[in-house]
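Report on the structure given below.
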Amino acid sequence: MLVSLNSRWHFSADSKIAMNADSGSLHVLSTEMAERVRSLRQSPSTVVDEDITLAALGVVVLDPAERQKEINEELELNWSRNAVLTVLPTEQCNFRCTYCYETFEKGRMSSALQLGLHKFLRQQVPMYESFQLAWFGGEPLVETEVIAQATAIFHQARNAHRVRGTASITTNGYLLSGSRLERLDTAGIDVYQITLDGDPAVHDSQRITASGHKTHHQIMENIKGVLTNTLARVVVRINVDTHKDEAAKRTACWVRNELADLVTMGGERVDIAVVPVWSADTTTIDGICLSSAHRFQVLNMVKEAACEIKGTTTVEKFLQLSSALGTLSCYAGKPNTWVVGSDGTVYKCTVAFDLPENKIGRLTESGNMELDIEKAALWTQKNATNDPTCGKCAFARSCQGIFCPLLRMQVEKPPCPTEKRLFDLAVASEVNSYVK
């Protein structure tokens, strides 16, 4: 009888640290068990004494194919029942951020196309168990009324058919006050993702208005206004330039001393997303992923501060991301996700608008979405359900083999998330702080 390593588990390079990617737990293995794991990482083997303990943990199994079947069924069911529509009401922006990759060529969505969007929402929302409406740009708040009207229709359709879902906006937050905030709250915006890149010195060196004005103070005041005057959630996005150590140190200090006040004010309604500034080249692995240990450590400096004020640790956050369904996957790799530009062009990805393969169709004024099936398949045809390498990976549930379908089209092997590639650095070095 042969035993194999359970693909639910991921191991440090020396095999001494084991992570169960389904339960999100860490285990320190004895020297004997670690040696056995190292052997099984090469190939299946007949049963030996150490396998009794490893089997009790679930580290080894007799039928490794069973998990692949479970993963396939879970992913296919999830993808078929859920949809995400991202809409750009305009591609113009009132900011000129130093790291922005957009070109601001297209303006406001036409009235006729807005009506087409309304028809699409009425027709498509009832088709799913969950439907997410996300507003993007440009700066979406430049066209608040476009957002408000469509969001109200979205919620009407959702409520009429008992469909789960939220309406969210990714915004720079500069215009989010007064009558605009009131209008959006009335329409039913549930979540605002707003970027603050650190203290005023760091933020205002990167995120200025088109006319060159500073923005940090106004955005902070507007976030407080959202928390005071609505029940919406706020995700504070912090873009960290991982090539600038001192700026990251300042940002970590700002998180602990000032952003902590917002967390105290909003409680569970405030979350924090710490991400690296992407390279201007957003179509290569170096432009999208962290591959440098030093850059990872710089980013982690800010993540540690964010976790601290949220009452958790980077290891716990890492385990949550690595074990939950779809948390490391990209929306562009899922079949029922679409991005609609202000001119009606349908895309799969929001970071490569000029890429020909990304333009997969059009939303018409009559409310129909006309898609190029072959182009759309470039983004969705390869994933953990049909790629043996991804299907056998411990990160199959979280990454789903679609960590970045944009990169997957351009490289021979699927790109893996930073959490997997830098596992030892992210978890093994801090394992004493969190072990089950």
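Miscellaneous remarks
- Estimated vicinal HN-Hα couplings, Hz - segment 224-229 in sequence order (Karplus 6.51, -1.76, 1.60; Gly, Pro = x): 4, x, 4, 5, 7, 9
- Partner lysines whose Cα lies under 21 Å from the Cα of residue 224, excluding those fewer than 8 positions away in the same chain, are identified as 214, 310.
- Projected label distance in nm at residue 183 and residue 130, using a 7 Å step from Cα toward the beta-carbon: 3.1 nm
- Summing +1 for each Lys or Arg and -1 for each Asp or Glu among the other residues whose beta-carbon sits under 9 angstrom from that of residue 168 gives 0.
- Distant-in-sequence amide H partners of residue 235 (H built 1.01 Å from N, under 5 Å): 192, 193, 194, 271
- If the segment from residue 104 to residue 325 were pulled out straight at 0.36 nm per residue, it would be longer than the present Cα-Cα gap by 76.1 nm.
- Alpha-carbon Debye profile of segment 1-63, log10 I(q)/I(0) at 0.20 Å⁻¹: -0.67
- Residues listed by number, segment 29-45, amide nitrogen under 17 Å from residue 55 label point at 7 Å toward C-beta: 33, 36-37, 40, 44-45
- Computed helical MRE - 222 nm, the chain, DSSP H runs ≥ 4 contributing -39500 (n - 2.57), nearest 500: -11000 deg cm²/dmol
- Positive minus negative residues near residue 184 (Lys, Arg vs Asp, Glu; Cβ under 13 Å): -3
- When peptides 171-181, 83-93 are ranked by their average number of other Cβ atoms within 10 Å per residue, the highest-first order is 83-93, 171-181.
- Computed from Cα atoms, the angle from the helix 293-309 axis to the main principal axis of the chain rounds to 70 degrees.
- Separation of alpha-carbon centers, segment 379-415 and segment 318-378, rounded to whole Å: 16 Å
- Between the labelled values [x] 21.7, 67; [y] 22.8, 72; [z] 45.7, 159, the entry that holds Rg and Dmax of the Cα atoms in Å as derived from this structure is [y].
- Take the Cα radius of gyration of segment 168-208 and divide it by 2.2 N^0.38 Å, N being the number of residues; the result is 1.35.
- Above-threshold pairs, the threshold being 31 Å between Cα atoms, out of 119/413; 119/303; 303/348: 119/413; 119/303
FYI, it's all coordinate maths here, none of it is from the lab. What you are looking at is a predicted structure, and each value in this text was computed from that prediction instead of being measured. When we count neighbours, we look across all protein chains shown, and the Cβ atoms used for this are built from the backbone with ideal geometry, even at glycine.
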